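Inspection log for the structure reproduced underneath, given as structure tokens.
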Amino acid sequence: MTWKSVEGKGRWKAALRGAPRVLFEDLTTPADPLPDMGQPGWPVWRPVFAMLLVICATFLTVFHVNEMSPVDGGGIPRYVVLLGIAHGAALVAAMFRPVSAWWASTVLMVVTVRLNESDMSGDQLFPWNVAGLVLQCGVLFLLALRVPPRRAAGALVITLLAGLACTVFTTTPHNYDIDRSTPVLIAAVVLGAALRGLRMARTQLVVQEELTAGERARRTLLEERNRIARELHDVVAHHMSVISIQAQVAPHLVENPSDELRENLAGIRQNAVEALTELRHVLGVLRSEDALSQEVRHTPQPTLDRLGELVANVRGAGLTVTTATTGAPRVLPPGVELSAFRIVQEALSNAMRHAPGAQVRVETAYGTTGLTVRITNTAPDGPAAPSQSMGHGLLGMRERTAMLGGELAAGATPDGGYEVTAILPVGAPALATESAEDTP
């Protein structure tokens with residue numbers, strides 16, 4: 001005998017020794033809480049279901065007691081009536097406490113049969129009559145709905161063993177139905193276990209969908225932030241390059257510069273060069289999975305000077321766009337101009353995609369403390385084509401606005417259109433305001 005066979009036998013012996021304890025724990029542990037059936041109105045219908053269960057249990061109890069009446073035609077003993085009522089009550093209790101109700105139902109079946117066996121005729125079904133079998137199936141079905149299949153199978157085995165024991169220890173011959181009752185009891189447990197498995201699968205599916213939606217939203221946010229970071233890299237790199245060049249040229253603009261000045265300017269230039277190197281490394285990581293062509297990558301980032309070109313392209317696509325500028329246009333920080341351009345670009349794309357035939361108005365207002373961009377569109381002429389993918393439009397607008405410390409408001413208008421307003425703060429001096437209007 002090999003060592004593996006000895007070890008296998010040891011495991012089997014340990015499993016057999018622990019089987020009674022496992023079975024006892026399975027059949028004494030409380031069941032799962034009542035399911036919500038995935039419907040908000042189920043708690044309202046729960047009392048109705050309980051009432052229907054009470055009505056069914058009442059009718060079954062009456063038939064069960066009548067079928068247990070003595071063969072001599074005498075009155076029905078009180079204990080039979082009490083046991084029948086208790087058996088019906090166990091069916092109702094199985095809705096709330098299925099494990100305890102199953103124990104009670106099994107014990108009541110055994111007690112009823114043992115007390116009434118001598119008074120039953122040989123033609124009566126034994127140990128379960130029709131009503132008693134239905135009551136037992138109902139309890140097992142409600143139990144299988146609320147416990148794992150292994151526990152339901154254990155309860156079924158004990159129920160069948162209890163019925164078999166009742167048929168063995170009898171004083172007179174009976175119409176034994178253990179062979180006919182077994183398939184019915186098995187079917188009740190299998191149906192309950194199948195419905196429980198279906199409910200658990202639906203619950204897991206809902207949980208998985210929530211996790212997937214959360215992961216998709218997180219991934220979308222990261223993708224949009226990476227895109228913004230790639231765009232802002234060019235802006236930051238430009239400023240660092242200017243600092244490096246100015247630090248290199250500055251000593252030649254001063255007569256007899258001191259050694260301390262040369263050393264400070266050299267340090268400034270060295271720091272700028274190192275910062276540019278680190279920015280290139282970061283950009284390489286951000287663009288490691290970017291499929292853009294080299295030509296597109298090295299294209300300068302757009303500013304508000306290209307807003308007219310953007311509007312012209314949109315008009316060429318068939319969208320009616322008007323523009324308006326309030327205040328004196330001035331050069332703004334590159335990050336602000338880039339964000340403003342992208343917000344307008346995304347808003348116009350959304351209007352073309354979701355509001356076909358609508359009229360769009362783009363307003364830019366230069367204030368003393370910031371730039372306000374407002375894009376509105378009227379109600380569409382007809383339904384929009386269904387979107388094939390989840391866009392990043394509003395998410396990108398909010399990220400760009402939050403990055404600059406600004407505010408974004410987006411929502412439907414009373415006339416059925418849509419409006420996007422972004423306030424982008426800038427630290428520029430106050431300038432005189434004037435208004436310019438441009439129409440298609």
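No value in this document is a laboratory result; all are computed from the given coordinates. Model, not experiment: these values are computed from the prediction. Please note: Cβ atoms are built from the backbone with ideal geometry, for glycine as well, and neighbour counts cover all protein chains shown.
Brief remarks on what is shown
- Residue ranges 108-120, 161-173 sort as 108-120, 161-173 when ordered by packing (mean number of other C-beta atoms within 10 Å per residue, highest first).
- Here the peptides 319-325, 205-211, 192-198, 142-148 are ranked by packing, the mean other Cβ count within 10 Å, and the order with the highest first is 142-148, 319-325, 192-198, 205-211.
- Annotation: amide H of GLY417 within the under-5 Å range of ALA379, sequence separation 5 or more or interchain, hydrogens built in the peptide plane.
- Inter-site label distance for GLN208 and THR29 at 7 Å from Cα along Cβ, in nm: 2.4
- Summary value for segment 116-244: 33 percent relative contact order, contacts being C-alpha pairs under 8 angstrom separated by 6+ residues.
- Relative to the current alpha-carbon distance between SER241 and ARG11, full extension at 0.36 nm per residue lengthens the span by 75.5 nm.
- Förster radius 41 Å - calculated FRET efficiency between THR220 and VAL54 (Cβ-Cβ, nearest 0.05): 0.20
- Per-peptide average of other Cβ atoms within 10 Å, ordering 266-277, 371-382 highest first: 371-382, 266-277
- The distance between label points at VAL81 and LEU115 comes to 1.3 nm (points 7 Å beyond Cα on the Cα→Cβ vector).
- Under 15 Å, Cβ to Cβ, from ARG353 - net charge with Lys/Arg +1 and Asp/Glu -1: -2
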